[in-house]
Amino acid sequence: MKPFKVAIPKSVEQASRFQKSDDSPFIAGGTDLLARIKEYVVQPETIVDLKRIEGMTGITSTDDGIRIGALTTMNEVATDGSVTDDYPALSETIMNAATPQIRNMATIGGNICQKPRCWYLRHEGYSCAKNGGSGCWAREGENEFHAIFDNQVCAVTSPSNVAPVLVAYSALIEIQGGEEKREIPAEDFFITPDQDPGREVLLEPGEVVISIHLPAKNRTKKWSYTEAREKQSFDWAQASVTMLYDRGGRKGDHRVVLGAVSPAPLRRDDLEKILKSGSLDDAMIKKLQMKIGDGSHPLSQNGYKVPMLRGLIAQGVRNISGRKEG
Amino acid sequence: MAEEITIKVGFGDHFRDLTVRLQDGDIAPWQPDQQLDVVGKRLPRLDAVAKVTGTAKFAQDQNPAGMIHGRILRSPHPNADIRSVDLSAAKAMPGVRAVLTVPEVFEDSSARFAGAEIAAIAADTEQQADAAMRAIQVEYDIKDFCVTIDTSMEDGAPQVGRGDQKNVQRVSPRSRGRRRGGNANPGADQQVLDRMAAREKEVSALLAASDVVVEGTFRTQVQTHAPFETHGAVCSWEDGQLVCWASTQATFGFRGELTSNWGQVKASECRVLSEYVGGGFGSKFSAGREGVIGALLAKEAGVPVKMMLDRSGEQTSAGNRPDALQKMRMGVNKDGVIQALQIRSWGTPGSGTGGAGAHNDGIYKLGEVDKVEYGVRTNCGGARAHRAPGWPQGSFALEQMMDMAAHSLDGIDPIEFRKKNDDHPIRVAEYDIAKERIGWNKARVRGGASNICTGVGIASNLWFSAGGGGASALVRISKDGSVEIRNGAQDIGTGTRTVMGMVAAEELGIPLDMVSTRIGDTNDPQGPMSGGSTTIGTLTPAARLAAHYAKKELLAVVADRKGWDPTDLDIRKARVIRNDGSDTGLSFHDACQLMDDDAIEVLKARPRRNYAGFSDTNAGVQAAEVEVDMETGVVRVKKVVAVADAGKLINPMTAESQVRGGVIQGVSYALTERRIMDRHKGRMLNDDLENYKILGSLDCPEIDVVLVDVYNGKSNTQVMGLGEPPIVATAAAVANAVADAIGTRVFEIPITPKKVLEAIASKKAPDPGGKKKGARL
Ligand SMILES: Cc1cc2nc3c(=O)[nH]c(=O)nc-3n(C[C@H](O)[C@H](O)[C@H](O)COP(=O)(O)OP(=O)(O)OC[C@H]3O[C@@H](n4cnc5c(N)ncnc54)[C@H](O)[C@@H]3O)c2cc1C
Ligand code: SF4
């Protein structure tokens, strides 16, 4: 790795300033950024360490839900009582991610801001649409783990296990740049390459994710998080399906969000509508399976993700119909 | 004066007498009814605590005073000639103390894979070395490349090698009259071609006459060795003597390569140390370019240099198990007897010359075999021996053919079918153990009948690991009662050190904790490389002899001092006893105190030959049980029963550990590992341990190891190694179990969710393994 300096701001305002001055990346747990620096994928002169900023760790209950500080580790989030009680899919997805060692270092803010794992992007010497060049190596290259949806410009998959679940729970991402604060719905926070191939999240220079706000839990919801991957330890999802099912049934407000199959979590309101159409039986599963591949454009090596999604949604429906309300 | 003795050989309830003419100075092997105090006991390896507490020092952990850091610049191009290497900018960088170029040192200006060594540099800090390495300017002539077996075999494919090297070359049957590096003698080659044609005709006729013919095309992937500790050494010149702390499977081989191939230092002035090795799996026999580079950089810099590979260098340049494409046709008669097998196979040595062969006809009685094998060069890192080279890939194909044949003969159970075609004296008894312990006949939801299906599969293995000549051991008994045994060979994690100590302790009649074991130092007596699973077969007979004669000397001292009959004395449990078992009143320690000299030292070499024993090979059977999620394609191996034998078991605990390791690596080969090459730039995309997927802890099955203790009479310890045999059958057993579970076959490893889903989807399409006749391979 190339030597770099570390700037240690005491406040978000200061952090914003440090970053803006020469485009220095933020570092939280470092499990993603340091790996990229070691491989010379990024060669920053300075990195801005967020960990000394106060008020960005821990989980607090508010009138309208919970607020998770961006520096809270993945492990702390997954094991927190209010999360396991009220947002169990979040706990479940984190426990599926990475390894205990990584979950102890990695922060939830870093998790949703991490860079995609495309192996071209993570090797020096492959310039592409995502890193300032043009074109995509994966589309006509080695794309077994790449996206099947929204993959025309850049076929990365959103690497975060947490992201699709935040979309499903209608989380708000709280952001601060300088003294300005704003809140963005998770669904809008994660963006696709046609919006901007260089970014995966809607952060402007100098903006820090300070917390994640999960709105008050809807007591009527049943949930399921299913994912498939090659290894159980130390591996990435090839596809995932997050489902929240409203007891309201036909009138309910359901959520179906696909993960690891597109550059951003993919909310599927067409499938949510189907969930309103009847009871959670085999016929329902068939209908969802028929539809789930709609809009996909598999590449040469990743067509398997469509049947995999069909399998995961079937398992999701069975989880929901078999599971007691949480 | 060769002495003739009669010993018992065999196992379980299969024993017989064997008359053996002992070689000069050799002693009789331990007998089944003999009471042993150390050998055969489950003892934790001697270095367990040092390893888990981090006090064990591997090559990577050596930091001699003044040490600096080496780096190797590698080619980003898969096929190029190096036009020039300009070191001037790099030399001027801070901290740089030594540089070299590969074209100058190795007289090789071609880079035939992305990752090939171009130049090297040593600097005070790792960061300085990195920065300087990146300042080296290289001009290349870039050529077209092939990085997969398929593209390299295409007509008009770019040439991988140089000169008249063809991409595809027949490796067996071998062309005769081939001059080294040159073309075949056309006349002699024609004879081979004629014989091949005759063979093909004969076997084709047998296939046509068989009741059933099954055929299949099988693919196996490239598997890198991926040892935790990468290749390399810390090299230091001290008063003209070269000392290398190396990560190696062959301390003496490493030294030999530095001294013979490169000639700047004599064997007597080069010391290789390797007390702990973080894995090798067959890739660490050679000093490699990194070893030579380390020594040269250290010489130039005048200070020690650490030259260990980084992970990318390890993954791309330090060897791999080659991939294979195997096509087979097998003819079987209704009675279940195999008539003939036709094999055409292709394997990739990469850009190197390593063996690419698949051992796909070595197990079972296969009738007449017509096998033709080709090596296919690719612009990828060269293949090296990888735990049972050629066998897991061959077994993957052959064992599935066995199952397909059994299924096509209505009603023959795959295990019964194997037994019918197997005459290995040990394995025939091992099938039933595996069958029972895996619950072969248990009711299961299989054949794709539900969302979650389970299945079982079986496969066999074979190995040849009794070792041979080439080892000596030194036993020193000191007057203070301390005992040490020394041999210069390495322990690559297999337990060699522990087993050597146990053999010496048994023979000396003292407990293991009274013996200090010294290994991994070429200043000590000659020892074997850790290859072919022969290390302990080679080493332990020497250890036993040295201990035996040292004890004799000690007892002679005792007899002399006490006026006793030396032939009436022995040592047992650290007491000097008489032949009738009575105690002399002297402890081992007391006996040592009687010495005039400070120590007794005995250096003994092992007899060069092994005896014709009970079985020249070790066998083994593995059965796997898998669970497949039919909806997502995810395969989980639930259990593997591994029945293994390795001659006489010195330490069942370390033996079991070898088997576990083999099974884990085998499951990993079956399900997750593969090298991924980029078609655009010809680079390895998963030159790391993230996307190069090695089985994780949660993915490991329950492993039920059953060891069969065999008195094979082949040497005075009767030991055979067990490093390689346990990986041979695993992937094949898993593949057969997956086929049983999902009701169709996956003809290619790794069996990923993608391939399972694809196989399920094409289930309605004709099974390429179905009953078919006719078509040529
Ligand atoms: C072997 C392995 C397996 C893994 N498997 C999974 C998996 O299955 N699922 C999964 O979801 N993840 C997985 N991960 C990724 C891991 O979860 C992320 O690396 C981690 O969550 C990143 O968090 P961090 O705090 O370490 O981020 P850092 O590395 O510190 O930062 C990551 C990025 O986010 C930015 N950033 C960090 N915090 C903020 C903030 N508050 N505001 C704005 N920007 C910020 C940084 O600038 C940087 O670009 C895996 C990682 C490894 C190494
Ligand atoms: S998928 Fe995206 S990141 Fe990967 S090569 Fe294509 S454009 Fe680049």
Any residues in the range A:107-132 that have 50 Å² or more less accessible area with all protein chains than in their chain alone, probe 1.4 Å, and which are they?
A:Trp119, A:His123, A:Tyr126
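Taking the alpha carbon gyration tensor of the range B:343-477, what are the square roots of 5 times its eigenvalues, largest first, to the nearest whole Å?
Ellipsoid semi-axes (Å, largest first): 32, 24, 17.
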Explain nothing, just compute: Karplus ³J(HN,Hα) = 6.51 cos²θ - 1.76 cosθ + 1.60, θ = phi - 60°, for every residue of the range B:292-297 in order, whole Hz, x for Gly and Pro.
5, 4, x, 5, 5, 4
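Roughly speaking, what % of Cα-Cα pairs in the range B:631-777 are separated by over 24 Å, rounded to a whole number? Numbers along the way, then the final one.
Working: 5122 of 10731 pairs.
It works out to 48 percent of all Cα pairs.
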Compute the distance in nm between two label points, each set 7 Å from the Cα along the Cα-to-Cβ direction, one at B:Val337 and one at B:Asp17.
3.5 nm
Lys pairs under 30 Å by Cα in the range A:223-321, provided they are eight or more residues apart or on distinct chains
20
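What is the average number of partner chain Cβ atoms found within 10 Å of a Cβ in B:630-642? Working shown, then result.
Numbers: counts 1, 13, 15, 7, 9, 1, 1, 0, 0, 0, 0, 0, 0.
Counting other chains' Cβ atoms within 10 Å and averaging over B:630-642 gives 4.
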Could you give me the ³J(HN,Hα) list for the range B:381-397, computed from phi with Karplus coefficients 6.51, -1.76, 1.60 and θ = phi - 60°, whole Hz, x at Gly and Pro?
x, x, 6, 9, 3, 9, 3, 6, x, x, 7, x, 5, x, 5, 4, 6
If you roll a 1.4 Å probe over the protein assembly as shown with all protein chains in place, what percent of the accessible area is carbon or sulfur?
49 percent
Relative packing of peptides B:481-491, B:446-456, B:615-625 - highest average C-beta neighbours within 10 Å first:
B:615-625, B:481-491, B:446-456
Residues B:Arg572 and B:Asp596, FRET efficiency given R0 of 22 Å [Cβ-Cβ distance, rounded to 0.05]
0.35
Take chain A, connect every pair of alpha-carbon atoms lying under 10 Å apart with a spring to form a Gaussian network, then pick out the residue of A:Thr157, A:Thr57, A:Thr192 with the largest mean-square fluctuation.
A:Thr57
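Going down the list A:Lys20/A:Lys115; A:Lys2/A:Lys115; B:Lys419/B:Lys442; B:Lys442/B:Lys638; B:Lys201/B:Lys763, which pairs span over 25 Å between their C-alpha atoms? If you can, show how the numbers build up before the last one.
Details: A:Lys20/A:Lys115 19 Å; A:Lys2/A:Lys115 19 Å; B:Lys419/B:Lys442 20 Å; B:Lys442/B:Lys638 15 Å; B:Lys201/B:Lys763 34 Å.
Distance filter (> 25 Å) returns B:Lys201/B:Lys763.
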What distance in nm separates the simple spin-label points at A:Val42 and A:Lys287, each placed 7 Å from Cα in the Cβ direction?
4.5 nm
Can you send over the solvent-accessible area of B:Val213, 1.4 Å probe, protein chains only, in Å² to the nearest 10?
10 Å²
Sites excluded, trypsin sites (Lys or Arg not before Pro) in DSSP loops with at most 10 other C-beta within 10 Å, longest stretch of chain A:
A:11-218
If amide hydrogens are placed 1.01 Å from N in the peptide plane, which non-local residues have theirs closer than 5 Å to the one on B:Gln339?
B:Gly331, B:Val332, B:Asn333
Between B:Glu238 and B:Ala28, how many nm apart are label points set 7 Å from Cα along the C-beta direction?
4.7 nm
Hey, what do the phi angles of the range B:639-654 turn into as Karplus ³J(HN,Hα) couplings, whole Hz, using 6.51/-1.76/1.60 and θ = phi - 60°, x for Gly and Pro?
8, 10, 9, 10, 9, 9, 9, 8, x, 6, 7, 7, 9, x, 5, 6
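Per DSSP helix of 4 or more residues, -39500 (n - 2.57); summed, then divided by the residues of chain A. What does that give at 222 nm, rounded to the nearest 500?
Numbers: 12 runs with 97 residues, N = 326.
After summing the helix terms and dividing by the residues of chain A, the value is -8000 deg cm²/dmol.
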Per the 1/(1 + (r/R0)^6) rule, R0 = 45 Å and r from the Cβ atoms of B:Asp310 and B:Asp580, FRET efficiency to 0.05 is 0.10
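Which whole number gives the average, over all residues in A:226-238, of C-beta atoms from other chains lying within 10 Å of the residue C-beta? Please list the in-between numbers first.
Details: counts 2, 2, 7, 4, 13, 11, 8, 8, 9, 7, 3, 0, 6.
The shielding value for this peptide is 6.
Provide the three semi-axes, in whole Å and in decreasing order, of the ellipsoid equivalent to the range A:223-321 as defined by the square roots of 5 times the Cα gyration tensor eigenvalues. Each step should come with its number before you reach the end.
Numbers: eigenvalues 104, 41, 28 Å².
After scaling each eigenvalue by five and taking roots: 23, 14, 12 Å.
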Which order do the peptides B:754-763, B:51-60 come out in when sorted by mean C-beta neighbours inside 10 angstrom, highest first?
B:754-763, B:51-60
Run the dipole for the range B:66-143 about the Cα centre, Lys and Arg Cβ at +1, Asp and Glu Cβ at -1, nothing else charged, and hand back the magnitude in debye, nearest 20.
140 debye
B:Ile68's amide H: which non-local residues (gap 5+, or another chain) put their own amide H closer than 5 Å, with H modeled 1.01 Å from N in plane and none for Pro or chain starts?
B:Val305, B:Lys306
Solvent-accessible heavy-atom area per residue, rounded to whole Å², over the protein assembly as shown at 1.4 Å
38 Å²
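Please compute the average number of Cβ atoms from other chains found within 10 Å of each residue's Cβ in peptide B:117-130.
Details: counts 0, 0, 0, 0, 0, 0, 0, 0, 1, 1, 3, 1, 0, 5.
Other-chain Cβ atoms within 10 Å of each residue's Cβ, averaged: 1.
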If you average the C-alpha positions of the range A:116-192 and of the range A:242-257 separately, how far apart do those two centres end up, in angstrom?
26 Å
To two decimal places, what compactness ratio does the protein assembly as shown give when its Cα radius of gyration is scaled by 2.2 N^0.38 Å?
1.02
Amide proton proximity set for B:Ser516, modelled H, under 5 Å, gap of 5+:
B:Val483, B:Glu484, B:Ile485
Binned at 10 Å starting from 0, the alpha-carbon pair-distance distribution of chain A in whole percents comes out as 6, 26, 35, 24, 8, 1
Determine the distance separating the Cα centre of the range B:62-124 from the Cα centre of the range A:273-326; give it in Å without decimals.
54 Å
Report the semi-axes of the equivalent ellipsoid for chain B in whole Å, largest first, where each axis is √(5λ) for an eigenvalue λ of the Cα gyration tensor.
43, 38, 23
With no solvent term and unit scatterers on the alpha-carbon positions of the range B:66-143, Debye gives log₁₀ I(q)/I(0) at q = 0.12, 0.21 Å⁻¹ of -0.30, -0.84
A/B buried area, accessible surface, summed, 1.4 Å probe, Å²
3200 Å²
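Computed FRET efficiency, Cβ-Cβ of A:Lys20 and B:Thr217, R0 60 Å: what is it to the nearest 0.05? Display every interim value, and only then the final one.
On the way: r = 59 Å, r/R0 = 0.98.
It comes to 0.50.
The values are calculated or read from the model by the stated rules, or taken from the named source; none is laboratory data. Model, not experiment: these values are computed from the prediction. Note that we place each Cβ from the backbone using ideal geometry, even for glycine, and neighbour counts take in every protein chain shown. We work out accessible area using only protein heavy atoms, side chains counted, and drop any ligands, DNA or RNA first. Shrake-Rupley method; radii C 1.70, N 1.55, O 1.52, S 1.80 Å.
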